[in-house]
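The values are calculated or read from the model by the stated rules, or taken from the named source; none is laboratory data. These numbers come from a predicted model, not from an experiment. Here Cβ is always computed from backbone atoms with ideal geometry, including for glycine, and neighbour counts include all displayed protein chains. Areas reflect the complete protein model, heavy atoms only, side chains present, ligands, DNA and RNA absent. Shrake-Rupley method; radii C 1.70, N 1.55, O 1.52, S 1.80 Å.
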Amino acid sequence: MQQFEFKLNGEFIELNQLLKMVGVCDSGGAGKKLVAEGVVSVDGHIELRKTCKIRAGSVVTLGDVRITVLA
């Protein structure tokens, strides 16, 4: 499993942008496609909102990738 830690610079980051920033996908559009396919979970629940606001303390998983969001 690949583990990433992402440090927030603001209050939140949109889910598709987070996937792009950690390098899971090449663009925000590709991130939106992954979310639409139902393969991305936030805090253990499948997330289908492409621009869902991800805040500090959230854990995003996609396949064997785990992203922990830090303040």
I need the peptides 35-45, 49-59 ranked by packing, meaning the mean over residues of other C-beta atoms within 10 angstrom, with the highest value on top.
49-59, 35-45
Over the chain, with every protein chain in place, what whole percent of the accessible area is carbon and sulfur at 1.4 Å, could you tell me?
49 percent
Rounded to one decimal in nm, the spacing of the 7 Å Cα→Cβ label points at ILE46 and LYS7 is 3.6 nm
Under 16 Å Cα to Cα from LYS50, which aspartates and glutamates show up? Leave out anything in the same chain fewer than 8 places away.
GLU14, ASP26, GLU37
Using mean projected area of the Cα convex hull in nm² as the read-out, say which of (i) 3.9; (ii) 6.8; (iii) 4.2 was calculated from these coordinates.
(i)
Let me have the relative contact order for the chain, percent, based on Cα pairs under 8 Å that are six or more residues apart.
40 percent
Using a 1.4 angstrom probe, figure out how much accessible area the chain has per residue, in square angstrom, rounded to the nearest whole.
59 Å²
Percent antiparallel among DSSP beta bridges confined to the chain, nearest 5, equals 65 percent
